[in-house]
1. Under 13 Å between alpha carbons, and skipping anything fewer than 8 positions from LYS194 in its own chain: which aspartates and glutamates qualify?
2. Can you give me the accessible area per residue for the stretch 409-504, using a 1.4 Å probe, in Å²?
3. Going Cα to Cα from LYS360, which aspartates and glutamates come in below 13 Å? Please leave out same-chain ones fewer than 8 positions away.
4. Tell me the mean residue ellipticity at 222 nm calculated for the chain from its helices only (DSSP H runs of n ≥ 4, each -39500 (n - 2.57), averaged over every residue, nearest 500).
5. Would you work out what percent of the accessible area of the stretch 409-504, with all protein chains in place, is carbon or sulfur (probe 1.4 Å)?
6. Could you give me the ³J(HN,Hα) list for the stretch 358-371, computed from phi with Karplus coefficients 6.51, -1.76, 1.60 and θ = phi - 60°, whole Hz, x at Gly and Pro?
7. Taking only the Cα atoms of the stretch 202-246, how large is their convex hull per residue, in Å³?
8. Students often forget the sequence filter, so: which lysines lie under 28 Å Cα-Cα from LYS495 once same-chain residues fewer than 8 apart are removed?
Amino acid sequence: MIQQNLYAALRAAFPADLDAIAVEAADSPEPLHYTWRDLDRGSAMIANLIDSLALPPRSRIAVHTDKSVEALMLYLAVLRSGHVYLPLNIAYQAAELDYFIGHAEPAMVVCARRHFGWVGPLAFGLGTKHVYTLDDDRSGTLLDRAALHADSQAPALRQAADLAAIVYTSGTTGRSKGAMLSHGNLLSNARVLKEHWGWVGGDVLMHALPLFHVHGLFVACHAALLGGSRTIWFNRFDPRAVVARLPDATVFMGVPTMYTRMLAEPSLTPEACGLMRLFVCGSAPLRPETFEAWRERTGHTLLERYGMSETLMLTSNPYRPEDARRAGTVGQALPGVGLRVCDDKGRPLPAGEIGGIEVKGPGVFQGYWRMPEKTADEFTTDLWFKTGDLGTLDAQGTLRIVGRSRDLIITGGYNVYPAEVEGYLNELPGVAESAVVGVPHPDFGEAVVAVLVAAPGARVDEAALAAGLKARIAGFKVPKRLLLLPELPRNAMGKVQKNLLREQYRALFSA
Ligand code: MLC
Ligand code: AMP
């Protein structure tokens, strides 16, 4: 069997000088540098700890921790062990974790120490055998136990189709679905991006994205590791701190909200970007105003690309020449990616017409974890994946995304499924019914807004409702405004007309 373990491929790309700096922890209280050898040894020790637990094959290892370089080592360790990495947003609360852990049945869970009091019982109660803690100050039981293990480990033999990770992503109906990504999916996409974006050994990546989504975990980390490039690592995104370190970096990747916030920093100047060669933007629509403002302020043209948890990166604006990057488009299919726009009967449409975006390619996932029917629903009979995004292709194959066929809100790069929020809202005292929509927002691109009808005789208070929701779901899903109406607009069939609500509240957050 040929070794296809993703870690083995990444490790093979480490520079010859293993004592060179691989990662600089830029927002740590004291100067902290990790060499390539540290990444290899640290991940080997954690992998040996995992191996010592003799978990069943393909065990899921769920990780609900703050971002840290040790959390990156944990990801690498799971790849080495041949088990399946399951990242979870640290903002998720008990009801959300209950679903993910119940559905994925991880054999091991790693959580922040401050959450152990509730994550521990929840996970043990759902059958997880091992729960460790990991904090962003290099402490926790995971590292304590790993320290007892050897610092070398041979990565488990894996084939390209073997699972490496499950990334939960919002469902259109029902609960989140776990996109199963294989070692081959991840490695092929990493190789394409490294090539396409001209990655070289001397590059320095500025990493300020969260580690629990495709963008920060796979797109950014794999490119730097495969490029043998140094990373300036921020556990938290602080626009001022990131801009202050831009002069030392050559590549930055972010969601549009990060670019908008960096633009608000007076210290963002062409001089601060003196060494920069590439700013990548994705995960949410980029406003043309932001694209233009960035070019004016820095002299650099943002490179917008498009992808999904289920498919990894699909399209990219050109790396060269920079002036061929076009605002409002997400570029052309990456090498190996099949891309078409179809009508609702699945017939490919001519250039310029709007339809559903369908894709094929080596990054396309292996299906949804334990949801074969949902997997089947999302593929056409000739095995194209239906992204749920709407777009148009021009004659040159450049894709423009114009909307979504799914009822989904993308706020600051996080996906929010309205039906989930409505479900929690409708359970709160005094709420008769609700409708959740996304409206334009200057910072988050789109903001979650709830429109609700009070139960007869009930008095509802916006702040109390928001607090009630905050206690139950991740903060980014909590509506920025909760507005009361006597009734929801409905069509003749009785369906709530969300388009009217979106129109009515379009200017709610405008300056
Ligand atoms: C935080 N908050 C948000 C939010 N992020 N509200 C709406 N939308 C968001 N995205 C809220 C919190 O709940 C909190 O509310 C308050 O803002 C401050 O929280 P914070 O944690 O301090 O936020 P901050 O650090 O400012 O985070 C903003 C951000 C973050 C833009 C840095 O949202 C972020 O990292 N986004 C990137 C998401 C990402 O990686 N997406 C890639 C998905 S992969 P309160 O009320 O408690 O104060 C994908 C595929 C692809 O889509 O193509 O890449
Ligand atoms: P996720 O499910 O978190 O992986 O989010 C994937 C979704 O993010 C896609 O289906 C798109 O709707 C959206 N997306 C990703 N990149 C872009 C982009 N460059 N422009 C617009 N939307 C994007």
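1. Here the aspartates and glutamates satisfying the reach criterion relative to LYS194 are ASP203.
2. Details: 4430 Å² over 96 residues.
Accessible area per residue: 46 Å².
3. GLU310, GLU378, ASP382
4. On the way: 15 runs with 142 residues, N = 511.
Helix-only estimate at 222 nm: -8000 deg cm²/dmol.
5. Solvent-exposed carbon and sulfur of the stretch 409-504 make up 54 percent of the total.
6. Listing the rounded values in order: 10, 9, 9, x, x, x, 5, 4, 8, x, 8, 4, 6, 9 Hz.
7. Values: hull volume 2.7 nm³, N = 45.
Per residue, the Cα convex hull of the stretch 202-246 comes to 60 Å³.
8. Excluding near neighbours in sequence, the set is LYS177, LYS345, LYS374, LYS386, LYS470, LYS477, LYS480.
The values are calculated or read from the model by the stated rules, or taken from the named source; none is laboratory data. Note that the structure is predicted; figures quoted are calculated from it, not measured. Methodologically, a virtual Cβ is constructed for each residue, glycine included, from the backbone with ideal geometry; neighbour enumeration extends over all protein chains shown. Just the protein is used for accessible areas: all its heavy atoms, side chains included, with ligands, DNA and RNA removed. Shrake-Rupley method; radii C 1.70, N 1.55, O 1.52, S 1.80 Å.
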